[in-house]
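Structure record follows, encoded as structure tokens.
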């Protein structure tokens, strides 16, 4: 496995309040560059101090342990979500860049679309889409999994959730990828392009009246209609958040199963056991978390002997909770029978827990239930291309199989 090429970041000067003992040479855009295993690259940080500072990407703190992640996900007196990424991007999006209680009304607006009844409906859509894709791929005996399946399934499901024209996915997919893994200039350009796309759909009213986009357009916050700018900020967050995270998780899951036939066979043999499959999904998510979020220090704060200063950025890698041996027994071992609830922080924690977590779980479950009965054995061909960034992901995963196998 190899990391995709990435531009090395300019190194920042260590601030006076950062002890030299806490400095680490780690670039989150290129974790574990020598072997390409992104998750092991992150876990290597746990061999050092629990909280470290890196000069890469403008200089920032990194939290490496589950206990501290959960504390900082919920800390609002000293930390703010106004900066949720590194580097800090503009414009802000809602509700991810709002602090409690201001983000509450916006979450209440979007959460009904992610309730179990809605997820059941979308799960049916996802299953039909998965079957259609797999039926086309199986006779070929090979595929590039990311482009042919992992990127296709979540985008189709999400466009239907939003009520946007399905063919638009081909236009907006590159924007989402640039936003989570590109440079600041590429990120800003992706935002402009996505904003232009959505502004056009709003002006044309080219969206389903039953979709989430229509509900956002018609919504009121605190008894008043949302300004156009706020509508855009909510929709942009949903579009960016919904188009890449699940695809990245699917890529890591498929790669793991291709490399671990015993796990693949265990899942295949128990694919009709819904409870077992759900547990396996949670375990795969724990081991392969993807998002890296950030908090802004809004006033000086000393936490566990570490001095944070106003304006510092603290990166909270959501994947680290699931890899923490203080939080999870033998965290590098994937055990589909691990006792539920399986501890991890892959979807964040507290008020900003990902609203699409239930949908993400369902899409991974659908992939397993539809793919393994049709393509029970598959191998990796060549190098796997991965990338770090705001969302760790698999960029290319070539798979092969015997098309005659049942």
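Bear in mind that the values in this text are calculations on the coordinates, not laboratory data. Predicted model, so just to flag it, every value in this text is computed and none were measured. Heads up, the Cβs are rebuilt from the backbone with ideal geometry, glycines too, and the neighbour counts pull from every protein chain shown.
Under the Kirkwood approximation for Rh and a Cα-based Rg, what ratio Rg/Rh is obtained for the range 72-224?
Numbers: Rg = 17.9 Å, Rh = 17.9 Å.
Ratio of gyration radius to Kirkwood radius: 1.00.
Using alpha carbon centroids, what distance separates the range 182-239 and the range 134-153, in Å?
31 Å
Relative contact order for the chain: what percent, with Cα pairs under 8 Å and sequence separation of 6 or more? Write down the numbers at each step before the final one.
Numbers: 706 pairs, mean separation 107.2, N = 406.
Dividing the mean separation by the residue count of the chain yields 26 percent.
Starting from the 7 Å offset along Cα-to-Cβ, what nm value, one decimal, do you get for the label separation of residue 167 and residue 259?
Between residue 167 and residue 259, the label points sit 4.0 nm apart.
Radius of gyration and Dmax for the range 282-375's Cα atoms, expressed in Å?
So, for the range 282-375, Rg and Dmax equal 16.7, 56 Å respectively.
Work out, step by step, the length gained on full extension between residue 325 and residue 12: first 0.36 nm times the residue separation, then minus their alpha carbon distance; give nm to one decimal.
On the way: separation 313, 0.36 × 313 = 112.68 nm, distance 3.11 nm.
Contour length minus the Cα-Cα distance gives 109.6 nm.
Residues of the range 230-254 with backbone nitrogen within less than 17 Å of a virtual label 7 Å along the Cα-to-Cβ line of residue 121, please, listed as ranges.
It comes to no residues whatsoever.
One-quarter of the Cα convex hull surface for the range 56-95, in nm²? Let's see the in-between values first.
Values: hull surface 14.2 nm².
Orientation-averaged projected area of the Cα hull: 3.5 nm².
Once R0 is set to 35 Å, what does the formula 1/(1 + (r/R0)^6) return for the Cβ-Cβ distance between residue 88 and residue 40, expressed as a FRET efficiency to the nearest 0.05?
Details: r = 28 Å, r/R0 = 0.80.
Rounded to the nearest 0.05, the efficiency is 0.80.
Please report the orientation-averaged projected area of the range 209-362, defined via the convex hull of its C-alpha atoms, in nm².
Numbers: hull surface 51.7 nm².
Computed as one quarter of the Cα hull surface, the answer is 12.9 nm².
Hey, if you drop one equal point scatterer on each alpha-carbon of the range 364-406 and run the Debye formula without solvent, what base-10 log of I(q)/I(0) do you get at q = 0.17, 0.22 Å⁻¹?
Relative scattering, expressed as log10 I(q)/I(0), comes to -0.63, -0.87.
Using the basic label-point model (7 angstrom from Cα toward the beta carbon), what is the residue 270 to residue 228 distance in nanometres?
5.5 nm
Run the numbers for residue 204 and residue 380: contour at 0.36 nm per residue of separation, minus the present Cα-Cα distance, in nm. Spell out each step's value before the answer.
Working: separation 176, 0.36 × 176 = 63.36 nm, distance 4.45 nm.
Once the chain is fully extended between residue 204 and residue 380, it gains 58.9 nm.
GNM, the chain, Cα, under 10 Å: largest mean-square fluctuation among 247, 12, 387?
12
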